[in-house]
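Below is one structure; the comments refer to it alone.
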Amino acid sequence: MNKILSTIKNQQLTFEQKVIELSRHAENSIEVLNIDDEIKTLFDKKIICDLFEGNAPFRPRYILPDYEKFMKQGSKFLNLLPPKNLYEAVNNLLILYKHTPSITTYPVFLGNIDTLLEPFITNEKSDLEIIKLFLTHIDRTLTDSFVHANIGPAETKAGRLILIAERELVNDVPNLTLKYDETTPDDFAKEAIMTGLKSAKPYFANHKMFVQDFGVNYGIASCYNGLPIGGGSYTLIRMNLKHLAQDSENIENFFAKKMPEAVKAMCRLMDERIKFLVEESGFFESNFLVQEGLIEKDRFLAMFGIHGLAEAVNHLMDAENLNQKFGHNKKADDLGVEIIKKISDEVQNHNNKYCTISDKKFKLHAQCGIGDDVDTTPGCRIPAGEEPDTFEQLIQASELHKFFPTGISDIFTFEKTAKENPQFILDIIKGALNSGIRIFSFYTKESDLIRITGYLVKKSEIEKFDRGEKNLKDTVSLGSPTYRGINVEKRKLIKS
């Protein structure tokens, strides 16, 4: 009751943020999941975290509707006909977005918005103004930085207009990814780079790599999560490898006992959450997205998240009295790869009957962190400020990205002079993706809009939040402590 009253009285929250927070209190007031003592112990030790999914799953964590199908058929439930022009197209999409749930209550995937809008582009000058209003509406109403749109890999008129609009608006919502491969024209890629240097987006996603994992019908959602379109992810639970290593006596104990036991326990927890969602919540029987064929239960998988690999490696190396550091020594880097490979093998030994699209297997995800994390590096990244030379960092990261079909990224910070040489950045991106980097993220140190871990927040909005002012975007409250907790300002600068 104290938490409820505290939320009601909190003058730093907007009305909408209070409603969302109060609903979470209501969900967490009941216990419907069968959580065994071993799982509870791992929670207490902060080795396992459910990432605020709540005690009673009543919707999948991440939903990726088939927007192409929606544009062709309209929606009986929403009383919408297929659009005939750009005005109707953006209006229909904005309406559907309001009715697409997720763990955040906002849609985490807006579709491949370039191909969705391309058939309706008739006058680039006037259409640019419509697209700017479309993106501004998203930013002001879907007030969460995990809202994510995709473009590419082909160049389109709509895609170019979207990049121009994002560069002018510099909004933190939506997040944006360019699906990139060898067919993407250099001029279009450099247009995306110029937008990225101004607005910290889009990501460059390794389209070929994601197609190998999911086929062409995939989307990048939330932070940088690769998932099937027409489905999504039931759940994302994460394992804190730093705390798991600290709970282990040495490397042998970590591999032989602590890690396998923790993986099995976390898989049981994921099973329990999925079971309640599918068998008891009624979501897949009642939601109009299912009834109209925009999502299908058989296109959902589940994400086994990890983070804090760097700290885990460093702790285990110290336990063996070895002066080796993650990101700087081959032995430490090899241990990192060995840890992830072993976790991957253990996860692959587990089956869940509801994850049919992924052959009944959970998929690994390098989780980007939350506001409560302190001195724990997102996913498999090298801690900020400790990065080696860019080439060495890319080679080191490429050995890990292949294990994470549902998402992993590294962030690169360029000096402002890079704006004068987009070809230099494009050459780096091409080399990175060719070497096996799954997602490449970048921005300039001078930019107000920065990538915290996977989501975008403006430094000026963090300053307002720290002064106790209200903020329209609820992700600023996550970004404020994380900005300092993972030393974002210490990220290594790349000179052109």
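The values are calculated or read from the model by the stated rules, or taken from the named source; none is laboratory data. Bear in mind the structure is a predicted one, so any value in this text is a computation, not a measurement. All Cβ positions, glycine included, derive from the backbone under ideal geometry; neighbour counts span all protein chains shown.
Listing for the model above:
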item	result
Residues satisfying the stated conditions in segment 201-232, i.e. without any contact (Cβ under 8 Å) to a residue 40 or more places away in the chain and closer than 23 Å to residue 449 by Cβ	none
Complete set of residues in segment 89-111 that are within 20 Å of the chain's Cα centre (by Cα) and β-branched (Val, Ile, Thr)	100, 103, 104, 105, 108
Test set (1) more than 22 Å from the chain's Cα centre (by Cα); (2) surrounded by 16 or more Cβ atoms within 10 Å (Cβ to Cβ); (3) at pLDDT 95 or above - residue 280 fails condition number	(2)
Scope segment 78-107; condition part of a loop (DSSP other than H, G, I, E, B) and closer than 30 Å to residue 50 by Cβ; matching residues	99, 100, 101, 102, 103, 104, 105, 106, 107
Residue match in segment 31-53 (condition: without any contact (Cβ under 8 Å) to a residue 40 or more places away in the chain, closer than 30 Å to residue 230 by Cβ and under 28 Å from the mean Cα position of the chain (by Cα))	no
Top-ranked residue of segment 413-454 - restricted to ones that are among the basic types (Lys, Arg) and within 27 Å of residue 371 (Cα to Cα), ranked as surrounded by the fewest Cβ atoms within 10 Å (Cβ to Cβ)	445
Residue satisfying all of: in segment 127-148; free of Cβ contacts under 8 Å to residues at least 40 places away in the same chain and hydrophobic (A, V, I, L, M, F, W, C); farthest from residue 86 (Cα to Cα) among these	135
Unique residue being crowded, with 18+ Cβ neighbours inside 10 Å, closer than 21 Å to residue 289 by Cα and β-branched (Val, Ile, Thr) when the list is 138, 121, 131, 151	138
Subset of segment 12-49 [touching a helix residue (DSSP H, G or I) at 6+ places or on another chain (Cβ under 7 Å), under 27 Å from residue 462 (Cβ atoms) and charged (D, E, K, R)]	18, 21, 46
Candidate set from segment 407-424 (those that are part of a helix (DSSP H, G or I), touching a helix residue (DSSP H, G or I) at 6+ places or on another chain (Cβ under 8 Å) and not charged (D, E, K, R)); member that is farthest from residue 489 (Cα to Cα)	423
Segment 123-144: number of residues that are closer than 24 Å to residue 190 by Cα and assigned to a loop (DSSP other than H, G, I, E, B)	1
Given (1) assigned to a helix (DSSP H, G or I); (2) within 26 Å of residue 479 (Cα to Cα); (3) among the hydrophobic types (A, V, I, L, M, F, W, C), number of the condition residue 110 does not satisfy	(1)
Residue among 400, 449 that alone is touching a Phe, Trp or Tyr at 6+ places or on another chain (Cβ under 9 Å) and not β-branched (Val, Ile, Thr)	449
Extreme residue, farthest from residue 278 (Cα to Cα), among residues of segment 34-77 that are in contact with a Pro (Cβ under 7 Å, 6 or more places away or on another chain) and part of a loop (DSSP other than H, G, I, E, B)	74
Pairs, first over 14 Å from residue 67 (Cβ atoms) in segment 286-297, second at pLDDT 95 or above and assigned to a helix (DSSP H, G or I), C-beta under 6 Å, six or more apart	290/284; 297/284
Residue in segment 336-350 that is modelled with pLDDT of 95 or more, outside any strand (DSSP E or B) and among the basic types (Lys, Arg) present	yes
Residue within segment 227-241 that is of a type in the set (Gly, Ala, Ser), crowded, with 24+ Cβ neighbours inside 10 Å, farther than 30 Å from residue 278 by Cβ and touching a helix residue (DSSP H, G or I) at 6+ places or on another chain (Cβ under 8 Å) present	no
Qualifying position, being of a type in the set (A, V, I, L, M) and without any contact (Cβ under 8 Å) to a residue 40 or more places away in the chain, among 384, 366, 332	332
Odd one out for residue 65, checked against (1) crowded, with 20+ Cβ neighbours inside 10 Å; (2) within 22 Å of residue 456 (Cβ to Cβ); (3) touching a residue at least 60 places away in the same chain (Cβ under 8 Å)	(2)
Qualifying residue in segment 392-406 (condition: assigned to a helix (DSSP H, G or I), touching an Asp or Glu at 6+ places or on another chain (Cβ under 8 Å) and among the β-branched types (Val, Ile, Thr))	no
Search result, residues across segment 179-192 that are crowded, with 24+ Cβ neighbours inside 10 Å and either closer than 19 Å to residue 421 by Cβ or of a type in the set (Val, Ile, Thr) (or both)	180, 192
Condition check for residue 360: surrounded by fewer than 22 Cβ atoms within 10 Å (Cβ to Cβ), modelled with pLDDT of 95 or more, within 24 Å of the chain's Cα centre (by Cα) and at positive phi	yes
Segment 154-165, subset within 15 Å of residue 201 (Cα to Cα) and of a type in the set (Gly, Ala, Ser), residue surrounded by the fewest Cβ atoms within 10 Å (Cβ to Cβ)	165
Output for segment 10-45, where each listed residue is among the aromatic types (Phe, Trp, Tyr) and exposed (fewer than 14 other Cβ atoms within 10 Å of the Cβ)	15
Boolean, residue 480 is surrounded by 15 or more Cβ atoms within 10 Å (Cβ to Cβ) and either of a type in the set (Ser, Thr, Tyr) or free of Cβ contacts under 8 Å to residues at least 12 places away in the same chain (or both)	yes
